[in-house]
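Asks: The structure's right below; bear with me while I get my questions together.
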Amino acid sequence: MTSPSVFTHDRFGRCPWRYRREASDEERAAQAAREAYLRSRGDHHFGRDVYISPDATIDCHELSLGDRSYLASETHLNHRVKMGSDCSVNAGATVRGQIQMGDGVRIASYAQIIGANHCFDDLDKPIHQQPLTHEGITIGDDVWIGANAVVLDCVTIGSHAIVAAGAIVTKDVPDWAIVGGNPAKLIRSRKPQPQRNGSPTSARWQAFLDGVRQELPAVLERSVVDGEIVNHPGDPPKFRPWCDAVELAKRFGIEVPGFTKPELIERLRAAQDPDTGLAPGPYGEGSLGESPEKASRLRDGHSAYLTMAAGYALRSLGDRLPAPVRVSHELNTADLYETLDQVFGELNAWGAGAWTDHFASHLALNLIGHDQRRDPSDLFGWLNLRADPATGMWGKWRDEDGWLMPVNGFYRLTRGTYAQWGVPLPYPERAIDTVLAHANDRRHFGPGKATACFVLDIIHPLWLCLRQTDHRAAEARATAEFWLIDTIDRWRGGEGFSFETRADATPGLMGTEMWLSIAWLGADMLGITTPDDHPPLGIHRPEPLVRAIRPVG
């Protein structure tokens, strides 16, 4: 038996992938000696070009490493571990218990694969005197387990799956799934949705986009009146149309007629109050309030919303708000919880969701624009604890309007939090059930009754939930297809969309921005979008604006 003392130098311990191409003859001889030493201690088998760091702790009855697999510095393996070819256990990771891996499994630093568990059923004995169980963990091919993730006993991780950093996996993970959180939940599938580009709906979608590209310049020009941007001709000046015009123009790669980029940036930046960071707007739409309490100032929904809208519009122009939103950044956890209790107790579910949307969006804009890092974990913790596991909502049914307020509030709340921060929803399946029930309520979705707000508030939640689960996916996509076709049919050349679905409603920038976002989200749910299909910018963007500073569960 060769003594392990020959392994005194470990230049590959933190980057073992370099071993195959850089190892000297002496280092390869040392590696062969280590493998021989380990084989002498148990039922161990090693393929070609295996690398095992001398700093790895191996206490296995059985160990099998396929070709080109490696164990980095300070890894710990015990019991029975079988790894296929091209697998890696990076520095500081632990693999314990009855573990079976396929080929191409990547285990990142400090992850823990724990295929064992303590018994604790015998109440007459302390836990340390009770036996261990080893049910086992099975990991398929081509799997990436992120840094600091934990995989517990009795779990199967399917091939091609990804476990996000910091996730705690307690249940089986399907093939191709991306999971994250504590406990880990499905975020989305790695496989793209089936493309249906040959379908009639796909053809109508592409023809619709061609028309929008040609006619959107006229839509924007129609809303430029006497040096102002208005929602539609005859409407008084407001601040939101400036933001809508900028986002529509940048989304489709055109210019806002009559204004240079520096002029638009100057106009948007001038709307912000430098002391609070809020943007009440130049037309008296919002108020800064007189209370010194930060939470009270955030209760003015107009100012809080316009701050968010200005921030997203500036970002689409490659700029940022001139100052951070201080009233949100400086709101400490105790005041946040007190305020959340108040708004969810006093306001309807839509109003409470809107407040949460504003607060979370301000934090995101502060982070990307000013590197002000206010950790949102306290917000997500409060929300996760108070989401209804039976409905997925943060509000309750009301006889007078059914699920209208909870679903509308769900959209506003999740858009600014879970969607924009890239955090998994707590109960996506139940949320889908509730949204679909609401989508069939003819009080709100009968002919001529729906608005862009009502439809966006069902399409975006369904789109967001389907990124985590396939629950009732066919019904959700049928809903999306209905509203996509309905939206396409209501486009007015040179004018755009009205906010309402009534035939006599006036088209404007707000309706145009919202219905174009609805159409893209619906087409994306159907799998018929392409990278050139102008996804929404700003408030309705499909990808997270930022990622949570640390994992939240």
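The values are calculated or read from the model by the stated rules, or taken from the named source; none is laboratory data. It should be emphasised that the depicted structure is a prediction, and the values quoted were computed from it without experimental measurement. Every residue, glycine as well, gets a Cβ built from its backbone with ideal geometry; the counts of neighbours run over all protein chains shown. Accessible surface is based on the protein model in full, side chains and every heavy atom, while ligands, DNA and RNA are left aside. Shrake-Rupley method; radii C 1.70, N 1.55, O 1.52, S 1.80 Å.
Asks: Against the condition within 22 Å of residue 218 (Cβ to Cβ) and part of a loop (DSSP other than H, G, I, E, B), how does residue 519 come out, does it pass? Please lay out each step first, then the result.
Replies: Values: within 22 Å of residue 218 (Cβ to Cβ): yes; part of a loop (DSSP other than H, G, I, E, B): no.
When the stated conditions are applied, residue 519 does not pass them.
Asks: Given the conditions (1) modelled with pLDDT under 95; (2) over 15 Å from the mean Cα position of the chain (by Cα); (3) of a type in the set (S, T, N, Q), and given that residue 469 satisfies all but one, which numbered condition is not satisfied?
Replies: All conditions pass for residue 469, except number (2).
Asks: Still on this structure, please answer the following. Can you tell me which residue in the stretch 240-289 is surrounded by the fewest Cβ atoms within 10 Å (Cβ to Cβ), limited to those that are out of contact with any Ser or Thr (no Cβ under 9 Å at 6 or more places or on another chain) and hydroxyl-bearing (Ser, Thr, Tyr)?
Replies: Ranking the candidates gives 260 first.
Asks: Do we find a residue being under 34 Å from the mean Cα position of the chain (by Cα) and open to solvent by 10 Å² or more (accessible area, probe 1.4 Å) anywhere in the stretch 115-131? Working first, answer last.
Replies: The first filter runs over the stretch 115-131 and keeps only residues under 34 Å from the mean Cα position of the chain (by Cα), leaving 115-117.
Narrowing further to those that are open to solvent by 10 Å² or more (accessible area, probe 1.4 Å): 116-117.
Checking the stretch 115-131: at least one residue is under 34 Å from the mean Cα position of the chain (by Cα) and open to solvent by 10 Å² or more (accessible area, probe 1.4 Å).
Asks: Looking for whichever is open to solvent by less than 20 Å² (accessible area, probe 1.4 Å), more than 18 Å from residue 189 (Cα to Cα) and free of Cβ contacts under 8 Å to residues at least 60 places away in the same chain here; the options are 136, 158. Which one fits? Full working, then the answer.
Replies: On the way: 158 fails: more than 18 Å from residue 189 (Cα to Cα).
Sole residue among the options that is open to solvent by less than 20 Å² (accessible area, probe 1.4 Å), more than 18 Å from residue 189 (Cα to Cα) and free of Cβ contacts under 8 Å to residues at least 60 places away in the same chain: 136.
Asks: Then there's this: Suppose we filter 460, 438 for residues that are buried (at least 22 other Cβ atoms within 10 Å of the Cβ) and free of Cβ contacts under 8 Å to residues at least 40 places away in the same chain; which single one remains? Break it down into steps so the answer makes sense when it comes.
Replies: On the way: 460 fails: free of Cβ contacts under 8 Å to residues at least 40 places away in the same chain.
Going through 460, 438 in turn, the sole match is 438.
Asks: Collect the residues in the stretch 490-510 that are among the small types (Gly, Ala, Ser) and in a loop (DSSP other than H, G, I, E, B), keeping them in residue-number order. Please lay out each step first, then the result.
Replies: Pass one, the stretch 490-510, residues among the small types (Gly, Ala, Ser): 493-494, 496, 498, 503, 505, 508.
Hits for the stretch 490-510 are 493, 494, 503, 505.
Asks: Only one of (1) open to solvent by 30 Å² or more (accessible area, probe 1.4 Å); (2) over 21 Å from residue 143 (Cα atoms) is not met by residue 80, so which one is it?
Replies: All conditions are met except number (2).
Asks: For the list (1) hydroxyl-bearing (Ser, Thr, Tyr); (2) at pLDDT below 85; (3) within 23 Å of residue 135 (Cα to Cα), I need the number of the one condition that residue 75 fails.
Replies: Single failed check for residue 75: (2).
Asks: Of everything in the stretch 488-504, what is within 13 Å of residue 451 (Cα to Cα), at pLDDT 95 or above and surrounded by fewer than 24 Cβ atoms within 10 Å (Cβ to Cβ)? Give them in sequence order.
Replies: Residues satisfying the conditions are 490, 498, 499, 500, 501.
Asks: Out of 149, 207, 203, 164, report the one residue that is open to solvent by 20 Å² or more (accessible area, probe 1.4 Å), modelled with pLDDT of 90 or more and under 24 Å from residue 75 (Cα atoms). Outline the logic, then answer.
Replies: Details: 149 fails: open to solvent by 20 Å² or more (accessible area, probe 1.4 Å); 207 fails: under 24 Å from residue 75 (Cα atoms); 203 fails: under 24 Å from residue 75 (Cα atoms).
Selected residue: 164, the only one of 149, 207, 203, 164 that is open to solvent by 20 Å² or more (accessible area, probe 1.4 Å), modelled with pLDDT of 90 or more and under 24 Å from residue 75 (Cα atoms).
Asks: Ok, one more. Considering only residues that are of a type in the set (S, T, N, Q) and more than 13 Å from residue 209 (Cα to Cα), which ones fall in the stretch 484-511? Write out each step before concluding.
Replies: Here is the first cut: in the stretch 484-511, the residues of a type in the set (S, T, N, Q) are 487, 498, 501, 506.
Those that are of a type in the set (S, T, N, Q) and more than 13 Å from residue 209 (Cα to Cα): 498, 501, 506.
Asks: Pairs needed: first member in the stretch 219-236, closer than 11 Å to residue 496 by Cα and among the β-branched types (Val, Ile, Thr); second member anywhere, open to solvent by less than 50 Å² (accessible area, probe 1.4 Å) and at pLDDT below 95; C-beta distance under 8 Å; at least 6 residues apart or different chains.
Replies: Taking only residues 6 or more apart or on different chains, the pairs are 219/494.
Asks: Could you count how many residues in the stretch 392-433 are open to solvent by 20 Å² or more (accessible area, probe 1.4 Å) and assigned to a loop (DSSP other than H, G, I, E, B)? Don't jump to the end; show me each part of the working.
Replies: Step one: filter the stretch 392-433 for residues open to solvent by 20 Å² or more (accessible area, probe 1.4 Å), giving 394, 396-400, 403, 405, 412, 422, 424, 427, 429-430, 433.
Now narrow it down to the ones that are assigned to a loop (DSSP other than H, G, I, E, B): 394, 396-397, 399-400, 403, 422, 424, 427.
Of the residues in the stretch 392-433, 9 are open to solvent by 20 Å² or more (accessible area, probe 1.4 Å) and assigned to a loop (DSSP other than H, G, I, E, B).
Asks: Being touching an Asp or Glu at 6+ places or on another chain (Cβ under 8 Å) and either open to solvent by less than 10 Å² (accessible area, probe 1.4 Å) or on the phi > 0 side of the Ramachandran plot (or both) is the filter here; which residues of the stretch 324-351 pass it?
Replies: 336 - this is the single residue of the stretch 324-351 that is touching an Asp or Glu at 6+ places or on another chain (Cβ under 8 Å) and either open to solvent by less than 10 Å² (accessible area, probe 1.4 Å) or on the phi > 0 side of the Ramachandran plot (or both).
Asks: Among the residues of the stretch 53-68, is any open to solvent by 10 Å² or more (accessible area, probe 1.4 Å) and within 33 Å of the chain's Cα centre (by Cα)?
Replies: No.
Asks: If you scan the stretch 216-253, which residues turn out to be assigned to a helix (DSSP H, G or I), of a type outside the set (A, V, I, L, M, F, W, C) and within 17 Å of residue 516 (Cα to Cα)?
Replies: Selection gives 217, 240, 241, 244, 247, 250, 251.
Asks: Here is a further query. Can you name the residue in the stretch 225-239 that is open to solvent by less than 50 Å² (accessible area, probe 1.4 Å) and of a type in the set (D, E, K, R) and is also farthest from residue 259 (Cα to Cα) among such residues?
Replies: Result: 235.
Asks: Could you list, in sequence order, all residues of the stretch 367-376 that are open to solvent by less than 20 Å² (accessible area, probe 1.4 Å) and within 18 Å of the chain's Cα centre (by Cα)? So that I can check it myself, show each step before the final result.
Replies: Initially, the stretch 367-376 is screened for residues open to solvent by less than 20 Å² (accessible area, probe 1.4 Å), giving 369, 376.
If the condition is that a residue be open to solvent by less than 20 Å² (accessible area, probe 1.4 Å) and within 18 Å of the chain's Cα centre (by Cα), then 376 is the only one that fits.
Asks: Would you be able to tell me the number of residues in the stretch 265-279 that are among the β-branched types (Val, Ile, Thr) and in a helix (DSSP H, G or I)? Break it down into steps so the answer makes sense when it comes.
Replies: Taking the stretch 265-279 first, the residues among the β-branched types (Val, Ile, Thr) are 265, 276.
Now drop any that are not in a helix (DSSP H, G or I), which leaves 265.
Matching residues across the stretch 265-279 total 1.
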